[in-house]
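Note sheet for the following structure.
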Amino acid sequence: MSIMDFNVKKLAADAGTFLSRAVQFTEEKLGQAEKTELDAHLENLLSKAECTKHWTEKIMKQTEVLLQPNPNARIEEFVYEKLDRKAPSRTNNQEVLGQYMIDAGNEFGPGTAYGNALIKCGETQKRIGMADRELIQTSAINFLTPLRNFIEGDYKTIAKEKKLLHNKRLDLDAAKTRLKKAKMAEAKAIQLNSTQPEGDNFMIWAEEVTKSEQELRITQSEFDRQAEITRLLLEGISSTHAHHLRCLNDFVEAQMTYYAQCYQYMLDLQKQLGSFPSAFVSNNNQPSATSMSNASVSSSTAVTTSLLPSTSNTIVTPTVSDLKESSGSRKARVLYDYDAANSSELSLLADEVITVYSIVGMDSDWLMGERGNQKGKVPITYLELLN
């Protein structure tokens, strides 16, 4: 037999099998043929697998939306993943906002209260952006990847075996139908042979019954074998649930770490902003030019006294007004860093102690500061006068 003859016969056999399955399936839908029902345990396993696949897909897709709200970015990442290439690194929204704040703060002047606050806010936003990037990476590895592996790997294998089981069940029921028809034809032939002894219909249908019984035994064996294979695969769904539970715990832990980091970053930022002079904060509620002017005039006394630590004794803490009236010098603690805008100013470091004094005619918001041989103007709002 040539290879071509073998291929033609195989093609014809496959076509016959496909046609037989199609006829059986159609007759079942029309209620004209009986259907072999799967045992209850196997049906429950199939239902559990389908339910697992349905909700795993929904959870996976919504998690992707949560971690990356931008649909265009998700599509780009998907394309790179299919091409087996690494997606280009991009700054996230928090990092972009943080950079804008830092640039604005440098433009307004890091020595100004608003500029300094913008820079500190920007740095915090960038730290939150880095934490967000770490959350996405950790969640993708520990949570999304296992879910995707189940959908694209394990469940595809289950679906393939489930389809084979469906085909084997159709083959079995088609064999049962053929055997039933052959026995009915054989019984009819026996009746005919009783009136026509010379007829050979009985022998023909007897052979057909024997052939159909043999085919039924084969299809029954193949169906039972495929049902067992499918059952073993489906029983692995419980292990899948246990694995996904561990992955869910990892995802929750990653979220907990992320939100704890964000809370700590914002708490630190709030403390830094809370240490800013109250006059600058109160200016936000004083839009009129007159109010702003009054705030500037009173800043040398009101601002500095608001920055002094509260004490339970009755000692009077010196103010800038006292310093100017005495025309002497005092020690002062620097509240936070200050970068000199020009050579006439003195740069400051938080928590250092310098000597300050007033010069006649100097702007009311400034004092002269000294640190060793270094001397220059310093903003009073950055200082706390010491006793």
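The values are calculated or read from the model by the stated rules, or taken from the named source; none is laboratory data. Note that the coordinates shown come from a computational prediction; the quantities given were computed from them, not determined experimentally. Every residue, glycine as well, gets a Cβ built from its backbone with ideal geometry; the counts of neighbours run over all protein chains shown. When the accessible area is computed, the model is the full protein with side chains, heavy atoms only, and any ligands, DNA or RNA have been set aside. Shrake-Rupley method; radii C 1.70, N 1.55, O 1.52, S 1.80 Å.
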Karplus-derived 3J(HN,Hα) from phi for region 342-353 (6.51 cos²θ - 1.76 cosθ + 1.60, θ = phi - 60°), whole Hz, x at Gly and Pro, runs 8, 5, 7, 9, 10, 6, 10, 10, 4, 6, 6, 10
Scoring only Lys, Arg, Asp and Glu (+1, +1, -1, -1) among other residues with Cβ under 11 Å from the Cβ of P110 yields -2
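What full-extension length gain, to one decimal in nm, is calculated for I229 and Y100 as 0.36 nm per residue of separation minus the Cα-Cα distance? Don't jump to the answer; show the numbers that get you there.
On the way: separation 129, 0.36 × 129 = 46.44 nm, distance 5.99 nm.
Taking I229 through Y100 to full extension adds about 40.5 nm, to one decimal.
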What would the Debye formula give as log10 I(q)/I(0) at q = 0.10, 0.11, 0.15, 0.17 Å⁻¹ for the alpha-carbon point model of region 112-231, no solvent? -0.61, -0.66, -0.84, -0.92
Under Karplus coefficients 6.51, -1.76 and 1.60, residue-wise ³J(HN,Hα) of region 236-242 in Hz, glycine/proline x: x, 4, 4, 5, 4, 4, 5
Ordered by packing density, taken as the mean number of other Cβ atoms within 10 Å over each peptide's residues, highest first, how do 116-127, 253-264 rank? 116-127, 253-264
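How would S347, S20, S329 rank on accessible area, largest to smallest, probe 1.4 Å? Intermediate results must be reported in sequence, preceding the final value.
Details: S347 55, S20 30, S329 75 Å².
Result of the area sort, largest leading: S329, S347, S20.
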For the I204, S47 Cβ pair and Förster radius 41 Å, calculated FRET efficiency rounded to 0.05 is 0.35
Return the long-range amide H neighbours of L367 (sequence gap of 5 or more, or a different chain), with a cut-off of under 5 Å between placed amide H atoms. V378, I380
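Any of K29/K176; K156/K211; K188/K211; K126/K331; K29/K58 with alpha carbons more than 27 Å apart? Name them for me.
Values: K29/K176 17 Å; K156/K211 36 Å; K188/K211 18 Å; K126/K331 36 Å; K29/K58 31 Å.
Beyond 27 Å between Cα atoms: K156/K211; K126/K331; K29/K58.
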³J(HN,Hα) across region 103-111 via Karplus (A = 6.51, B = -1.76, C = 1.60, θ = phi - 60°), whole Hz, x for Gly/Pro? 4, 5, x, 5, 5, 6, x, x, x
Sort the following peptides by mean Cβ neighbour count (other Cβ atoms within 10 Å, averaged over residues), highest first: 176-187, 55-66. 176-187, 55-66
Probe 1.4 Å, all protein chains present, accessible-area order of L144, L273, L19, largest first: L19, L273, L144
